[in-house]
Structure formats: structure tokens, C-alpha cells
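Okay, so here's the structure we're looking at.
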Amino acid sequence: MTTALEPRTGPAWRRSPEETQALRRAGNWARRAPLLPALIFLIIVTQLPFVVTLIISFMNWNAYYPDERGFAGIDNFRRVLTDVNTRDSIITTIKLTVSVVLVSLVLGLLIALLLDRAFRGRGVVRTMMITPFLIVPVAAALVWKHALYNPEYGLFNGVLTWIFGQNAPQPDWVSTMPLTAIVVSLVWQWTPFMMLIILAGLQSKPLDVIEAAKIDGCSGWQIFRHMTLPHLRQYLELGALLGSIYIVQNFDAVFTITSGGLGTANLPYTIYQTFYNAQDYGRASAAGVVVVIGTILIATLALRTVSSLFREEGAR
Amino acid sequence: MTATLEAPRTAPPAAPVRHRNRTGTLLTVVAWVVGVLFIIPVLWMLLTSLHSETDAATNPPSIFAPLTLEGYANFFGAQTGTSPWPSLLNSLTASVLSTALVLVLAIPAAYALSIRPVRKWTDVLFFFLSTKMLPVVAGLLPVYLIAQQIGLLDNIWLLIILYTSMNLPIAVWMMRSFLAEVPVEVLEAAAIDGCGLMRTLRTVVGPMILPGIAATSLICFIFSWNELLFARVLTATVAQTAPVFLTSFVTSQGLFLATVCAASVVVSLPVLIAGFAAQDKLVQGLSLGAIK
């Protein structure tokens, strides 16, 4: 083919292979250039600190004893992994994340189904539903702790007094069920988030197919079970994934409602405390490394989910 | 169809319709009840913030107590003299500047990942997302130590840089999804009409992605405004942000319910405004552009 064309393209048109390569390279760099500032910025600000964490995690370094700084080998890791507190906080983190994500996902699904039909005031109800998500997390935690859970004049016990009179039970919500108290306040904030994602899924479902199923005499439950739910699967997964990313890292609610007491200290809170109160840098870093490894394991799974969603979009 | 001709057979279909109507009304009522239940804590916060401290702390609650702005006056330092304004301004500075920085970095990056994509652009995109999954708390100590070394502790610029890195992945994903919606034909048409790259971007692409830019900025603003952990560890008196002020406020003043509620309302107000303004694009933003 090239031989046939050669006479047509005169010598002036021909480029040496080096030139073509140089041009392509220049083109590639022109494509990359807009990307680089963001990429470099992100690598410096997010990856560099982790290298430092990794180094410190192998060091014996407590800010209270600056003279004893030195190489510690895997001591910090041994201490972190054998420490009862760490193990407890890992379990707490899992309990907290799983329960908040599951409950808010189920509630979000039910409410999204309620809102997926035309009725009077649908826009108002939707706005009311979104509002909890738009309260600053610390503020929300403060309001739940003081204005709702407070045993003497919180709204919950106030309502109990309304219903049952002066002999009403007046539980101290936060001390009797600390983790549940945190979970409930977080579910309140995250259900709107799940609801929004699932509602978007519901509104994108193929109506013609469902119409056809209805004509064929499928019941509402059959349609939901075999058509709506499979269609929603990727949206439920996305909600669970994003919810987990944020709730695993939750600090505000634990810090505000219980200050990590009563067995509610999750990993972020425990690391914060090791670093902030105990000033044990080596150990805090080792805990950080453990968290990162754990997160990478979960995140690999999570990223696979997103990329499957993504591929579908690309295929469309 | 034939059923309409026969009188006896028209009756049965009518019953399910009425039945459906009744279920419909029931579902509407349930939807309203759920909506009200979810907003009650917010309304209660608002109502309590407008009561006097004595009326706020009663059991059973006094809903119809006279309204007053005492709580707000207290929050703004009527009794203690500590004003929340510096911390509110710090929050505003950190949120606005980091959002601006995010846009400056994210829009070109999103361009290089959508309109004229680099090779392996999906890998790059997922690298951005993966940084979002690294737990913030694991980076806390090194950031603290580095900031200490270069003298950036208790400096608002440290928070601006950190919030930028926190929101950059979200913004890149969002902006990419908005830019990917720009049809190739439009770009080709502009090129044929002799538009240069910059002119195409300014006059053709710009207006099309403006709503996307607005939504992205509002979401970045919300996340920066809400952040507590970094701000608490890395700032003290000078660069303290509103959420930090809120936590220290409660511990130092003891419990003043109306004041705490007033404080929560004031601090949440910018987020509420930004959130309602971005309501339509909220899902797209929160799902990192995965949902249209």
C-alpha cells in the first residue's frame, strides 16, 4: 500500500520516523499537560504523608520522650495488633459501618419506593427527606446528643412524658445504648443519601418493559422482585460502597456523642486519641498503616463495583 | 374492551381501582409521615434555638413557649464576649478558596480525561478515586509533623491545601461526567467553523458545563465546610473553623440547649443553602457522576 502511495506524496510530505515519533510524543504531552497539575498536587498531598506514616510506624517515637526516638522494627505493629483496644475498635468500626449502611440502605430503598410515585406534595416530602443530610455533621451530633437524647429534657423523653404522664420511663439513651445512639443519628443523616441514589435508579428503570410485564399479568410484587430489584442492584451497591467509604471514617459523631467512651471508640477515634492524647507517634502510625491495608482490601472490592458500573456506562 | 359491553363484567374491574386508590392514599400518608419524622429533629433544633434557655430545658417540652433570639445573641457572644465570627470567616475562607483551587486543577484534568483523553485515562481516573478511599486519619500524623516542620500549623492555608486534596478526586470525577456529556459533534462543528481551542472552550464548552461547575463547587464547598478532624488537630486559636468552634463551645460553656441549637442552625445554614441550590445535581455529585 505504501509503495503505491509513495509517488503521490512528494518528498516534502514525507517525515522521517524520528520526526513522526517526536510529533506523536509532543501530542501525547499536550494531552497530558492539563492533567499533570492535579495529578502532581494529589500525589504530593495524599501519597507523601503515607510514606512518612510508613517510616514512622517502624520507629519508636513518643513526643513525651523525645530522647528515646529510634528504630523499633515491628514492635509498633505487634503492639497495635495484640492490643485489646485496637481489636475492640476494629470490631466497633465494623459494627458501626455495617449497621449504619444496611439500615440506611433498607430505609432509603423503602422511602425511595414511596417517593417514586406521583402524589400531592411529593416535592415537599423529598425536600424534607434531604434536609438531614444538609445539617453539618458536628451540629447534627450535638443536636442529637443534647436536644434529643438528653435524659432530663431531651425531646425523646419529653415525648414519653407526653404519652405516659409523670410516671413515664426516662431512659438515659446515650449511656444505656451508646453505639445504638450513634448508629441512629448516623442513619438519620445517611438515609437521605441512600434514598437519593436509589430514587435516581428507580426513575431510570425501563418503563416499557415493566408496562409489558403488567399487561402480561405480573403482580406488583413479581415486578418488584424480578425487574425493579435487579435493575436497582448496581445503585444499591453504589450506595453501600460510597456510604461505607464515609462511615468507616466517621469521627464527628463518635467524638461528639460519646467521646469514644462506653465501647464506642472506632478506629479513626482510637488513632486520633493515640496521637492527640498519648502522643505515641510510632504506634499511631502503625495503626494508620493497619487501617490503610484494611482499606485497600475493602477498596479493591469497592473499586471493582464502581468500574463495573462504569463499563456499563461506557458500553451504552 | 369487550367487557364494557357486558354489564356484569364491568363491576369487578372497578373494585381493584378503588382498592388501588385507597392504597394510594395510604402510601401518600405514609410518605408524608416519614418525611415529617425525618425533618422533626431539624424543626426541633430550630424551635429550641428560638426559645429561652429555661423554656428549652423543660420536660415535657414546651412547644408554645414565647419565641426569642436570646440563643442567637448568646452564640454571637452576648454573655461571654467570645465571638464566633473569626471561626465562621475561617470556614468561609477555607471552603471558598479550596473550592476555587479544586476547580482550577480539576477542570483541565477532567478535560484530559474526557474530551481529549490521555492513554489509559480510566486508570488515571481510578487512581483519583482510590485516594478518596485512603482513610483521612492515617494521614493525620504525618501531615501534622510536616506542617510543624514548615511552620504551617494553625494556618488556614494548610486547611485550604488539605481540603483541596480531599475534594479534588470528587471534582475530577464530577467534571469528567459533565464534560463527557458534551457531544463530539458540537466540538467538531466549532473546529470546522474555525474556532481555536481556547475559543471553543470559552464560548461552546463553557456555557454547556456551567451548571456542572456550579454543582461541583457547591458539593466541594459543603464537604470543606463540614470537615472536623483535620481542623481540630491542625488548628488552634488563629485558624480555627466553625465546626471546631462548635465542639469547643459546648465543652467550655457547659450546656445551654437553646444556644447550642442556635449555634447548630447558624453553622448549618450555608450548607443548607448550598444543598438546596444544588438539589437537582446533588445525586450526580454524591455518586461522583456515576448517576445522571
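The values are calculated or read from the model by the stated rules, or taken from the named source; none is laboratory data. Model, not experiment: these values are computed from the prediction. FYI the Cβ positions are ideal-geometry reconstructions off the backbone, even for glycines, and counts take in every protein chain you see.
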Which of the residues spanning region B:162-186 are farther than 18 Å from B:Pro108 by Cβ and touching a residue at least 24 places away in the same chain (Cβ under 8 Å)?
B:Leu162, B:Tyr163, B:Met166
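Taking helices (runs of 4 or more DSSP H) that do not extend beyond region B:232-292, which have at least 1 residues that are touching an Asp or Glu at 6+ places or on another chain (Cβ under 9 Å) and more than 7 Å from chain A (Cβ to nearest Cβ)?
Details: elements: B:242-253, B:257-277, B:279-286.
The helices (runs of 4 or more DSSP H) meeting that bar are B:257-277.
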Can you tell which of A:Ile210, A:Ile223 is more than 32 Å from the chain's Cα centre (by Cα) and in a helix (DSSP H, G or I)?
A:Ile210
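Only one of B:Ser217, B:Ser248, B:Ser268, B:Ser224 is of a type in the set (S, T, N, Q) and farther than 30 Å from B:Glu70 by Cα; which?
Being of a type in the set (S, T, N, Q) and farther than 30 Å from B:Glu70 by Cα holds for just one of B:Ser217, B:Ser248, B:Ser268, B:Ser224, which is B:Ser217.
Taking only region A:173-204 into account, find how many residues are in a helix (DSSP H, G or I) and closer than 17 Å to A:Ile111 by Cα.
Here is the first cut: in region A:173-204, the ones in a helix (DSSP H, G or I) are A:173-176, A:178-203.
Of the ones still in play, those that are also closer than 17 Å to A:Ile111 by Cα are A:184, A:186-203.
So the answer is 19.
Table: residues versus (1) modelled with pLDDT under 90; (2) within 24 Å of A:Met195 (Cβ to Cβ).
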{"residue": "B:Thr237", "(1), (2)": "yes, no"}
{"residue": "B:Phe249", "(1), (2)": "yes, no"}
{"residue": "B:Gly254", "(1), (2)": "yes, no"}
{"residue": "B:Leu257", "(1), (2)": "yes, no"}
{"residue": "B:Ala262", "(1), (2)": "no, no"}
{"residue": "B:Leu272", "(1), (2)": "no, yes"}
{"residue": "B:Phe276", "(1), (2)": "yes, yes"}
{"residue": "B:Ser287", "(1), (2)": "yes, yes"}
Which is of a type in the set (S, T, N, Q), closer than 28 Å to B:Tyr144 by Cβ and touching a Ser or Thr at 6+ places or on another chain (Cβ under 9 Å), of B:Thr247, B:Thr259, B:Thr216, B:Thr237?
B:Thr247
As an exercise: evaluate B:Ile170 against (1) surrounded by fewer than 21 Cβ atoms within 10 Å (Cβ to Cβ); (2) more than 7 Å from chain A (Cβ to nearest Cβ); (3) among the β-branched types (Val, Ile, Thr) and give the number of the one condition it does not meet.
(1)
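Keeping to region B:45-70, report how many residues are hydrophobic (A, V, I, L, M, F, W, C), within 25 Å of A:Leu134 (Cα to Cα) and within 12 Å of another protein chain (Cβ to nearest Cβ). Break it down stepwise before answering.
At the first step, the residues of region B:45-70 found to be hydrophobic (A, V, I, L, M, F, W, C) are B:45-47, B:50, B:56-57, B:63-65, B:67, B:69.
Applying the additional criterion that residues be within 25 Å of A:Leu134 (Cα to Cα) yields B:45-47, B:50, B:56, B:63, B:67, B:69.
Adding the requirement that they be within 12 Å of another protein chain (Cβ to nearest Cβ) leaves B:45-47, B:56, B:63.
Number satisfying all stated conditions: 5.
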Odd one out for B:Ala73, checked against (1) free of Cβ contacts under 8 Å to residues at least 60 places away in the same chain; (2) within 12 Å of chain A (Cβ to nearest Cβ)
(2)
Tell me yes or no: at least one residue of region A:52-67 is more than 23 Å from A:Ala265 (Cβ to Cβ) and at the interface with another protein chain (Cβ under 8 Å from one of its Cβ atoms).
yes
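Just to be sure before I move on: is A:Tyr246 part of a helix (DSSP H, G or I), under 23 Å from A:Ala181 (Cβ atoms) and in contact with a Gly (Cβ under 6 Å, 6 or more places away or on another chain) in the structure I sent?
On the way: part of a helix (DSSP H, G or I): yes; under 23 Å from A:Ala181 (Cβ atoms): yes; in contact with a Gly (Cβ under 6 Å, 6 or more places away or on another chain): no.
Against the criterion (part of a helix (DSSP H, G or I), under 23 Å from A:Ala181 (Cβ atoms) and in contact with a Gly (Cβ under 6 Å, 6 or more places away or on another chain)), A:Tyr246 does not qualify.
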Suppose we filter region A:99-122 for residues that are within 27 Å of A:Tyr246 (Cβ to Cβ) and at pLDDT below 90; how many remain?
1
Does region A:282-290 contain any residue that is out of contact with any strand residue (DSSP E or B) (no Cβ under 8 Å at 6 or more places or on another chain), surrounded by fewer than 24 Cβ atoms within 10 Å (Cβ to Cβ), among the aliphatic types (A, V, I, L, M) and facing chain B (nearest Cβ under 10 Å)?
yes
Answer yes or no as to whether B:Ser165 is of a type in the set (S, T, N, Q), more than 30 Å from A:Tyr269 (Cβ to Cβ), crowded, with 18+ Cβ neighbours inside 10 Å and at the interface with another protein chain (Cβ under 10 Å from one of its Cβ atoms).
no
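When the residues of region A:171-201 are filtered to those that are facing chain B (nearest Cβ under 9 Å) and under 26 Å from A:Ala265 (Cβ atoms), which remaining residue is modelled with the lowest pLDDT?
Narrowing region A:171-201 to residues facing chain B (nearest Cβ under 9 Å): A:185, A:188, A:191-193, A:196-197, A:199-201.
Subset that is under 26 Å from A:Ala265 (Cβ atoms): A:185, A:188, A:191, A:193.
On the way: A:Ser185: 95, A:Trp188: 96, A:Thr191: 95, A:Phe193: 91.
Across region A:171-201, the extreme among qualifying residues is A:Phe193.
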Do we find that B:Thr131 is touching a helix residue (DSSP H, G or I) at 6+ places or on another chain (Cβ under 9 Å) and closer than 20 Å to B:Ser287 by Cβ in this structure?
yes
Considering only residues of region B:111-126 that are surrounded by fewer than 16 Cβ atoms within 10 Å (Cβ to Cβ) and more than 8 Å from chain A (Cβ to nearest Cβ), which is nearest to A:Ala30 (Cα to Cα)?
B:Lys120
Among (1) surrounded by fewer than 17 Cβ atoms within 10 Å (Cβ to Cβ); (2) modelled with pLDDT under 90, where does A:Phe77 come up short?
(1)
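Here is a check on your reading of the model: is A:Leu202 touching a residue at least 40 places away in the same chain (Cβ under 8 Å) and within 15 Å of A:Leu102 (Cα to Cα)?
no
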Within region A:113-154, which residues are part of a loop (DSSP other than H, G, I, E, B), more than 7 Å from chain B (Cβ to nearest Cβ) and of a type in the set (A, V, I, L, M, F, W, C)?
A:Ala118
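In region B:136-162, which residues are outside any loop (DSSP other than H, G, I, E, B), touching a Phe, Trp or Tyr at 6+ places or on another chain (Cβ under 8 Å) and more than 9 Å from chain A (Cβ to nearest Cβ)?
To start, the set of residues in region B:136-162 that are outside any loop (DSSP other than H, G, I, E, B) comprises B:136-149, B:156-162.
Cutting the leftovers down to touching a Phe, Trp or Tyr at 6+ places or on another chain (Cβ under 8 Å) gives us B:136-145, B:159, B:162.
Across region B:136-162, the qualifying residue is only B:Leu159.
Whether any residue in region A:157-170 is within 25 Å of B:Val267 (Cβ to Cβ), more than 7 Å from chain B (Cβ to nearest Cβ) and assigned to a helix (DSSP H, G or I) is what I want to check.
We begin by selecting, within region A:157-170, every residue within 25 Å of B:Val267 (Cβ to Cβ); these are A:158.
The next check asks that each one be more than 7 Å from chain B (Cβ to nearest Cβ); those that pass are none.
No, region A:157-170 has no match at all.
Among the residues that make up region A:83-92, is at least one of them under 24 Å from the mean Cα position of the chain (by Cα) and within 12 Å of chain B (Cβ to nearest Cβ)?
Start the filter on region A:83-92 by keeping residues that are under 24 Å from the mean Cα position of the chain (by Cα), which leaves A:85-92.
Filter again for within 12 Å of chain B (Cβ to nearest Cβ), leaving A:89.
The answer is yes; a qualifying residue exists.
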